[in-house]
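A short write-up of the structure that comes next.
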Amino acid sequence: MEIDYTPQVGEQVEVFGHKGRFVIKDRKIGDNGHYLFRLESLHSGITVDNILYPMMTYPPEEKVRKVLPQVIEECGPWPDDFQGGRYDVKFHAMYDGTPRVMVYFYLKPDVIPSPEKARVWSNFYSRLENGFKFVDIDSGAYRLWDIDSGNRSTRLQFAAREERSAQRVAS
């Protein structure tokens with residue numbers, strides 16, 4: 001699997017020498033042939049220009065969000081119970097404080113979970129885990145359970161999620 005790592009407008013990044021997260025607002029090719037990025041702080045709204053790619057890094061959930069569509073394409077097919085193409089990627093801490101990235105896939109409205117269906121979903125998650133074992137991101141190998149986030153490794157987990165309508169919740 002070949003992954004395109006070129007940062008895209010709209011993606012969130014962290015920048016060495018700056019605090020907080022930034023969103024990529026623009027990119028251009030500089031005189032030296034390298035990409036230069038214009039970034040806007042999500043916290044303060046300040047803009048920084050002419051940031052080079054090596055100065056940027058993706059937070060763990062953004063790494064997963066960027067690569068997941070390609071891993072899914074390689075490891076598919078989607079389970080019949082899932083809404084095709086619909087998922088959320090969230091960063092949570094586990095009960096013991098271990099950071100984790102959760103990928104939630106949405107079930108179709110008429111699906112009733114069962115042990116048989118859960119086995120199908122679990123097989124899909126296993127294929128995704130295998131797909132992530134061999135994906136390279138940025139400067140190092142990106143291995144399942146080993147998204148580098150400082151001194152603790154981030155866990156990557158998958159789950160199915162029911163989407164409840166306002167009417168269904170009210171009843």
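The figures follow:
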{"read-out": "Filter result for L68 (touching a strand residue (DSSP E or B) at 6+ places or on another chain (Cβ under 9 Å) and over 22 Å from K133 (Cα atoms))", "value": "no"}
{"read-out": "Residue identified as of a type in the set (K, R) and crowded, with 19+ Cβ neighbours inside 10 Å among K63, K117", "value": "K63"}
{"read-out": "Pair list, Cβ < 7 Å and 6+ apart or interchain, from the range 49-75 residues that are among the polar types (S, T, N, Q) to residues that are not in a helix (DSSP H, G or I)", "value": "N50/L36; T57/V13; T57/E14; T57/D138; Q70/M1; Q70/I3"}
{"read-out": "Close pairs (7 angstrom Cβ cut-off, 6 or more residues apart or separate chains): over 17 Å from G10 (Cα atoms) in the range 25-36, among the hydrophobic types (A, V, I, L, M, F, W, C) and not in a loop (DSSP other than H, G, I, E, B) anywhere", "value": "G30/L36; H34/L52"}
{"read-out": "The listed residue being modelled with pLDDT of 75 or more, within 20 Å of the chain's Cα centre (by Cα) and polar (S, T, N, Q), out of S149, S114, S122", "value": "S122"}
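The values are calculated or read from the model by the stated rules, or taken from the named source; none is laboratory data. Please read these numbers as outputs of a predicted model, since none were measured by experiment. For neighbour counting, all protein chains shown are included, and Cβ atoms are generated from backbone atoms with ideal geometry for every residue, glycine included.
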